[in-house]
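S.K.: There's a structure below that I have some questions on.
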Amino acid sequence: MPPDWSVTALVARSTVETLMIALGGTALAVVVALPLGFLAASNVSPPWIAHPARWLLAFVRSIPLIVVAMVCVAAVGLGPFPGMLAIAFHSLGMLGKFYAEEFETAEQGVIQAVSGTGASWSQTLRYGLFPQSIPQVLAFTVYRFEMNFREAAVLGLVGAGGIGYYIQLYVRSFQYDKVAVLLAVVVSVVLLLDQLTFWARRRLR
């Protein structure tokens, strides 16, 4: 104390970068997790497809995020891009699990009614399953984005860009007055995202 507000411009840039890492990683994870969620749902996929898909999602979730980030940094170098890849990989396992479980809670009568009209498998998913599940799917996705911002802030510790990179930089040089500003911004953004996700989840119900 007191915080050193001379780093305000740097904090703003790094915060935007961290948000972009979280947003890009979440979007990439959703693109892959949705089809995997369909495949892992036992009410729409046969067991010989659903079980391997669930095992794959469990394997992805079992790898710690920091390990994934270190591998991505080693593979593609320092910066926000490996951070985005790490966020996407780690989010994939959890979102795929959430999506599959939500699809399995859908009302089977509706699905059977759509299928009984002669609809194909893809049409049954589109008109019978997905409309029932979309509110919770969106709520899970928004909640995961909030989590990903916090995790993206940590990934900077291994060189994956964002605000975490400057936190570890200033900690190593004992500039704790600047670290205080960075932490205050992280807490403020997390609180703001928490309110936004709460509002979004309530609107989607």
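S.K.: Quick one: which of Ala106, Ala160, Ala88 is closer than 18 Å to Ala29 by Cβ, at pLDDT below 75 and small (Gly, Ala, Ser)?
M.R.: Being closer than 18 Å to Ala29 by Cβ, at pLDDT below 75 and small (Gly, Ala, Ser) holds for just one of Ala106, Ala160, Ala88, which is Ala160.
S.K.: Related question: Step by step: first the residues of the range 163-205, then only those that are hydroxyl-bearing (Ser, Thr, Tyr) and modelled with pLDDT of 80 or more, then the one that is farthest from His90 (Cα to Cα). Which residue is that?
M.R.: Once the filter is applied, the top-ranked residue is Tyr176.
S.K.: Leu85: within 30 Å of Gln112 (Cα to Cα) and part of a helix (DSSP H, G or I), yes or no?
M.R.: no
S.K.: Kindly provide the set of residues from the range 1-43 that are under 16 Å from Glu101 (Cβ atoms) and over 24 Å from the mean Cα position of the chain (by Cα), ordered by number.
M.R.: If the condition is that a residue be under 16 Å from Glu101 (Cβ atoms) and over 24 Å from the mean Cα position of the chain (by Cα), then Asn43 is the only one that fits.
S.K.: Just give me the residues in the range 137-184 being farther than 22 Å from Ala33 by Cα, in a helix (DSSP H, G or I) and aromatic (Phe, Trp, Tyr), in sequence order.
M.R.: Matches in the range 137-184: Tyr165, Tyr166, Tyr170, Tyr176.
S.K.: Among the residues of the range 125-133, is there at least one that is modelled with pLDDT under 80 and exposed (fewer than 14 other Cβ atoms within 10 Å of the Cβ)?
M.R.: So far as the range 125-133 goes, yes, one or more of its residues are modelled with pLDDT under 80 and exposed (fewer than 14 other Cβ atoms within 10 Å of the Cβ).
S.K.: Could you pull out the residue among Ile49, Ile66, Ile111 that is surrounded by 20 or more Cβ atoms within 10 Å (Cβ to Cβ) and assigned to a helix (DSSP H, G or I)?
M.R.: One residue alone meets the criteria, Ile111.
S.K.: Of the conditions (1) under 22 Å from the mean Cα position of the chain (by Cα); (2) at positive phi, Leu95 satisfies every one except a single condition; which number is it?
M.R.: That leaves (2) as the condition not met.
S.K.: While we're looking at this one, here's another question. Select from the range 60-78 the residues that are out of contact with any Leu (no Cβ under 6 Å at 6 or more places or on another chain) and small (Gly, Ala, Ser) and write down the one among them that is modelled with the lowest pLDDT.
M.R.: My answer is Gly77.
S.K.: Another question about this same structure. Restrict the check to the range 115-135 and report whether at least one residue is under 30 Å from Met70 (Cβ atoms), among the aliphatic types (A, V, I, L, M) and touching a residue at least 12 places away in the same chain (Cβ under 8 Å).
M.R.: Looking through the range 115-135, none of the residues is under 30 Å from Met70 (Cβ atoms), among the aliphatic types (A, V, I, L, M) and touching a residue at least 12 places away in the same chain (Cβ under 8 Å).
S.K.: For the range 1-46, name all the residues that are outside any helix (DSSP H, G or I) and in contact (Cβ under 8 Å) with a residue 12 or more places away in the chain.
M.R.: Answer for the range 1-46, where residues must be outside any helix (DSSP H, G or I) and in contact (Cβ under 8 Å) with a residue 12 or more places away in the chain: Met1, Pro2, Pro3, Asp4, Ala41, Ser42, Asn43, Val44.
S.K.: Hey, another quick one. Kindly provide the set of residues from the range 147-169 that are surrounded by fewer than 20 Cβ atoms within 10 Å (Cβ to Cβ) and not aliphatic (A, V, I, L, M), ordered by number.
M.R.: Selection gives Arg150, Gly159, Gln168.
The values are calculated or read from the model by the stated rules, or taken from the named source; none is laboratory data. Here the structure is a predicted model, which is why all the values come from computation and not from measurement. Cβ coordinates were reconstructed from backbone atoms using ideal geometry, including for glycine residues, and neighbour counts include every protein chain displayed.
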